[in-house]
1. So how long is each side of segment 69-134 along the principal axes, counting just the alpha-carbon atoms, biggest first, in Å?
2. Rounded to the nearest 10 Å², what accessible area does Glu54 have for a 1.4 Å probe in the complete protein model?
3. If you take the C-alpha gyration tensor of segment 1-41, multiply each eigenvalue by 5 and take the square root, what semi-axes do you get, largest first, in whole Å?
4. Sort Leu72, Leu12 by heavy-atom solvent-accessible area, probe 1.4 angstrom, most to least.
5. Say each of His98 and Glu54 gets a label point 7 Å from the Cα, pointing the same way as Cα to Cβ; how far apart are those two points in nm?
6. Hey, what number do you get for the chain at 222 nm if only DSSP H runs of n ≥ 4 count, each worth -39500 (n - 2.57), divided across all residues, to the nearest 500?
7. Cα axis of helix 27-55 to longest principal axis of the chain: angle in degrees, 0 to 90, nearest 10?
8. Please give the residues of segment 32-48, grouped as numeric ranges, whose backbone N is less than 19 Å from a label point set 7 Å along the Cα-to-Cβ vector of Leu9.
Amino acid sequence: IILFVSIILLALIYFISIVIIHQLHHINNVFTANLCLAVIFCCIYWLSYCILLEHYPQIFIEYKICCFLQYLQMSCTIQVPLAITTISIHRLCVTVYHSKQLYRKKQWAIICSVSQWTIGFILSIVQITLNCSV
């Protein structure tokens, strides 16, 4: 629990500094802020899960709650590797297509981030329909 809380606090401090400090409003930091948000949501889920498991284990018997927790687990956990993949794709596009200005704009970063979150939620819906439809 201490590890999750410290990760949340450090990622939140980093995210807030990117948002507040104007000199950090660079496209690479938009991707870093996206990664911070993914880490924060992932840690909040796992922190809540550990607390529920410790104090309210009977909640995991309910079928609908288990399906919902599975969905949250998948959607929160998959966002971190997807955010890292998004950063890698951005770096590849900037390197390969260095003359294109699209990859150097904040709109590109926002499109990539929104796409990443959308893909994560869609993949989670697919997983939940396969596991909880039985």
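The values are calculated or read from the model by the stated rules, or taken from the named source; none is laboratory data. Note that the structure is predicted; figures quoted are calculated from it, not measured. Neighbour counts are summed over all protein chains in view; Cβ atoms, including those assigned to glycine, are modelled from backbone coordinates with ideal geometry. Side chains are part of the model used for accessible areas, which takes the heavy atoms of the whole protein and leaves out ligands, DNA and RNA. Shrake-Rupley method; radii C 1.70, N 1.55, O 1.52, S 1.80 Å.
1. The Cα atoms of segment 69-134 stretch 51, 16, 14 Å along the principal axes, largest first.
2. Result for Glu54: roughly 130 Å² accessible.
3. One finds semi-axes of 21, 10, 5 Å for segment 1-41.
4. Details: Leu72 50, Leu12 70 Å².
Ranked list, largest accessible area first: Leu12, Leu72.
5. Taking the two extended label points, one gets 5.1 nm.
6. Estimated from H runs of four or more residues: -29000 deg cm²/dmol.
7. It is inclined by approximately 10 degrees.
8. Answer for segment 32-48: 36-37, 39-48.
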